[in-house]
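Student: Below is one structure. I have some questions about it.
Quick note: the coordinates plus some simple rules give every number you see, no bench work behind them. These numbers were taken from a predicted model, which means no experiment stands behind them. A quick note on method: Cβ atoms are made from the backbone with ideal geometry, for glycine too, and the neighbour counts reach across all protein chains shown.
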Number of protein chains: 2
Amino acid sequence: MMTTIKEVAKLAGVSVGTVSKVINNQDGIKENNRKKVLDAVKKLNYEPNIHARTLSSGKTNLVSIVVPTVGFEFQKIFLKSLDDVLRKSNYDSVVFPLLSRDRLARFSSESNFLFHTDALILASLSPKNLFRDGRVPTRKPYLIVDSHGESSNSVIIDNYLGGHLAGKHISLEKNGKLFLIGGYEPDDAFSSGVFSERKRGFEDAIRERGIESKEIEFKNIVLDWNQAFDFGARISRTEKKFSVFSVSDLVAWGFIEGCRTNGLYAGKDFHIIGYDDLSFSQKIGLTTISQPISELGEIAAEKVVEKIKGAANIENIVLSPRYVERTSN
Amino acid sequence: MMTTIKEVAKLAGVSVGTVSKVINNQDGIKENNRKKVLDAVKKLNYEPNIHARTLSSGKTNLVSIVVPTVGFEFQKIFLKSLDDVLRKSNYDSVVFPLLSRDRLARFSSESNFLFHTDALILASLSPKNLFRDGRVPTRKPYLIVDSHGESSNSVIIDNYLGGHLAGKHISLEKNGKLFLIGGYEPDDAFSSGVFSERKRGFEDAIRERGIESKEIEFKNIVLDWNQAFDFGARISRTEKKFSVFSVSDLVAWGFIEGCRTNGLYAGKDFHIIGYDDLSFSQKIGLTTISQPISELGEIAAEKVVEKIKGAANIENIVLSPRYVERTSN
DNA sequence: CTGAAAGCGCTTACAG
DNA sequence: CTGAAAGCGCTTACAG
């Protein structure tokens, strides 16, 4: 039913080896034969079977990208920059969003397809938390991105530094409370450790300013605008002067909106610093720790291509975030 | 290097056929032999080569999902519900976000991996706009989801009806302007036609209420909170009473925030109806057209599994959105 | 420059 | 219940 290379060879009057070379753009084929093959290919509407090609050549030209979820701008920016660079080396990215705990079981077996492309990028996810024995179940090259405490190849943005920058710059009110929100990593399997690092950096910076880190009230909130909204609405009912470090802009935004329901405004009635610097952040005047997400994707792509080509060195690349002041702090 | 089924067979002292049956959980194998095989598998740390399996069996147990992008809640909900159902039939979903025009070229070739899984779901994308000849370049079963005007198998949410509901319920101010925003589909390749349908339904409903559809001012805005914010800020500087139908909640939200910069509030100073009903919509009191996104994913999964099993009928399933009134209209 | 053939690592009738 | 062997559709030395 499917036409095969054999049928093409027969119609073109050449051997399958010759057809193979033509469809793979190899040279050293007489123009005459090349033409005959191309004609036969067109006539039979031939399309090579990529599974046979993979089995035979041992390569897929695919790179698996595992991400915890897909609903956020972070993934969009990251995946786009990553794919833009991969494409230049003739690789395609295929995305595997973890999405749910149920799906994790499938992702934990080496027989899953995701482990059988040319390489694997694990983004915003930690092997330690993800896999039973803490090891990525594959023999293919892989790279850890945006996740802390890895000994294998990794590319991250320095989250400790980001938190530290926030702690260094946050405006404090005399007798005002200090909140750290949004650092909750609820499900072990899904936590990458980046929030804890931000928290740690923040606390250290605060301490360096002579403030007891006990004075920080830590509020567990998942990456969720609605929860942050509720929390802001609740806090602003009783507190009237305070400072906030939110470990994500989305949570900061929700919090700010919640506070507004009680007439409290960021930058005026309270100080807040977020984390990420997404497209809405500038619009809402959010002072934040800006993450070079595109760069993260680009470098990850470059490094994974090097790995596929056989680079054996272990590299842990650490990019730096920066403090971006707007009106909220 | 990689251990193969042959080595397992040798160590276990059986034939490769027997090994194959054991690792595929087929019965009709003597318990004694099964055990020997399992021991050898464990000892050699054997993992079947899935590419060989695919070539031999002709199936991947994978379903490709093509989506235009990944940064939005819509995709998150859709992909999750889809995968939850696929998993029950032992299929894994692999996601291919289009992301950019550059990537489209790769997606247009039948030789791309995405066309070589067991089936394909094209979500929020139209073959007409995507592919040169308007045809999906595959011989595998496929399904169109959330895209209008398709003659092949499809599952959609009735966008005309959604727009019509909005037009029927929108509150109109005497002498106030009526805006329709967010319906711009900027890049042909990326447009699914759903916005045009919503617009059409809206205009018809307005007309049925005796209003000239010419009186609607149509504002091109892509699915972008920031642009909508700017537009809201600009409009609210001059207009003081108006009604708005936004073809997405995200755009409605940005617009509302923009208006607030001039002290105009939704539901009080102006009326607005959005579209989608996402997690933030309730929080901000947005009256909207609610889309059954999870259901869309579930039904798409069921239908694509039927297709894989060989169902030959052509079905176009149309789900219904509903009007959800909150405070903004 | 080309062809014949081995090989990639599985699955699956088929014979016994 | 099991084994020998054909077959899936390619790629790739190798000989000429």
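Student: Ordered by residue, what ³J(HN,Hα) values in Hz, to whole numbers, does the range A:84-92 give under the Karplus form 6.51 cos²θ - 1.76 cosθ + 1.60, where θ = phi - 60° and Gly and Pro are x?
Tutor: Once rounded to whole Hz, the list reads 4, 7, 4, 4, 4, 9, 6, 10, 10.
Student: In percent, what relative contact order does chain B have, based on Cα pairs under 8 Å that are 6 or more apart in sequence?
Tutor: Contact order relative to length: 17 percent.
Student: Another one. Simple spin-label model, 7 Å along Cα-to-Cβ: A:K268 to B:S151 in nm?
Tutor: 6.0
Student: Ranking request for peptides B:57-64, B:275-282, A:271-278: highest mean number of other beta-carbon atoms within 10 Å first, then the rest in descending order.
Tutor: A:271-278, B:275-282, B:57-64
Student: At R0 = 41 Å, how high is the FRET efficiency between B:K88 and B:K241 if r is their beta carbon distance? Nearest 0.05 is fine.
Tutor: Details: r = 52 Å, r/R0 = 1.27.
That pair, B:K88 with B:K241, gives E of 0.20.
Student: For the range A:165-272, what does the relative contact order come out to in percent, with C-alpha contacts under 8 Å and a separation of six or more? Working shown, then result.
Tutor: Numbers: 188 pairs, mean separation 37.9, N = 108.
Relative contact order here is 35 percent.
Student: Of all GluC sites (Glu not before Pro) in the range B:105-178, which ones are in loop regions per DSSP and have a Cβ with at most 14 other Cβ atoms within 10 Å?
Tutor: Taking the range B:105-178 and a limit of 14 other Cβ atoms within 10 Å, the loop GluC sites (Glu not before Pro) found are B:E173.
Student: Arranged by the count of other C-beta atoms within 10 angstrom, fewest first, what order do B:K36, A:K42, A:K35 take?
Tutor: A:K42, A:K35, B:K36
Student: Taking square-rooted eigenvalues a ≥ b ≥ c of the alpha carbon gyration tensor, is the protein assembly as shown rounded, prolate or oblate, where a/c under 1.5 means rounded and, failing that, a/b exceeding b/c means prolate?
Tutor: Oblate, because a/c is 1.5 or more while a/b does not exceed b/c.
Student: Is the range B:189-256 best put as rounded, prolate or oblate by its Cα gyration tensor, with a ≥ b ≥ c the root eigenvalues, rounded for a/c under 1.5, and otherwise prolate when a/b is larger than b/c, oblate when not? Please list the in-between numbers first.
Tutor: On the way: a/c = 2.41, a/b = 1.12, b/c = 2.15.
Here the range B:189-256 falls in the oblate category.
Student: Straight-line reach from B:K309: which aspartates and glutamates have a Cα under 13 Å away, not including same-chain ones fewer than 8 places off?
Tutor: Qualifying aspartates and glutamates at Cα under 13 Å: B:D118.
Student: Per residue of B:44-50, count partner chain C-beta atoms within 10 Å of its C-beta, then hand back the mean as an integer. Working shown, then result.
Tutor: Numbers: counts 0, 2, 0, 8, 2, 5, 9.
Going residue by residue through B:44-50 and averaging, the value is 4.
Student: Could you work out how far apart the two model spin labels at B:D133 and A:E110 are, taking each label as a point 7 Å from the Cα in the direction of the beta carbon, and quote it in nm?
Tutor: Each label point lies 7 Å from its Cα, and together they span 4.4 nm.
Student: Could I ask something else about it? Roughly how many Å is it from the Cα centre of the range B:88-108 to that of the range B:17-39, as a whole number?
Tutor: Computed from Cα coordinates, the inter-centre distance equals 36 Å.
Student: Quick check on chain A: helices-only [θ] at 222 nm, where DSSP H runs of length 4 and up contribute -39,500 (n - 2.57) each and the sum goes over total residues. Nearest 500, please.
Tutor: Rounded to the nearest 500, the figure is -12500 deg cm²/dmol.
Student: Moving to a separate point now. For the protein assembly as shown, with the dipole built from +1 on Lys and Arg beta-carbon atoms and -1 on Asp and Glu ones, taken about the Cα centre, which of B:L55, B:T238, B:I289 lies farthest toward the positive end?
Tutor: B:L55
Student: Between A:S279 and B:M2, how high is the FRET efficiency from 1/(1 + (r/R0)^6) when r is the Cβ-Cβ distance and R₀ = 56 Å? Nearest 0.05.
Tutor: Efficiency for this residue pair is about 0.80.
Student: Can you bin the range B:159-292 into rounded, prolate or oblate? Criterion: square roots of the alpha carbon gyration tensor eigenvalues sorted a ≥ b ≥ c, rounded for a/c under 1.5, prolate for a/b above b/c, oblate for the rest. It would help to have the intermediate numbers written out before the result.
Tutor: On the way: a/c = 1.38, a/b = 1.11, b/c = 1.25.
Rounded, because the longest to shortest axis ratio a/c is under 1.5.
Student: Contact order normalised by length for the range A:5-57, with contacts defined as Cα pairs under 8 Å and 6 or more residues apart; what percent is it?
Tutor: Normalised by residue count, the contact order of the range A:5-57 is 36 percent.
Student: Once both axes come from the Cα atoms, what is the angle between helix B:249-260 and the longest principal axis of chain B, in degrees from 0 to 90, rounded to 10?
Tutor: On a 0 to 90 degree scale, this one is about 40.
Student: Moving to a separate point now. Using 7 Å Cα-to-Cβ label points, what is the A:I314/A:S57 separation (nm, one decimal)?
Tutor: With each label point 7 Å from Cα toward Cβ, the separation is 3.2 nm.
Student: Please give the Cα centre distance for the range A:181-208 versus the range B:274-309, rounded to the nearest Å.
Tutor: About 33 Å separates the Cα centre of the range A:181-208 from the one of the range B:274-309.
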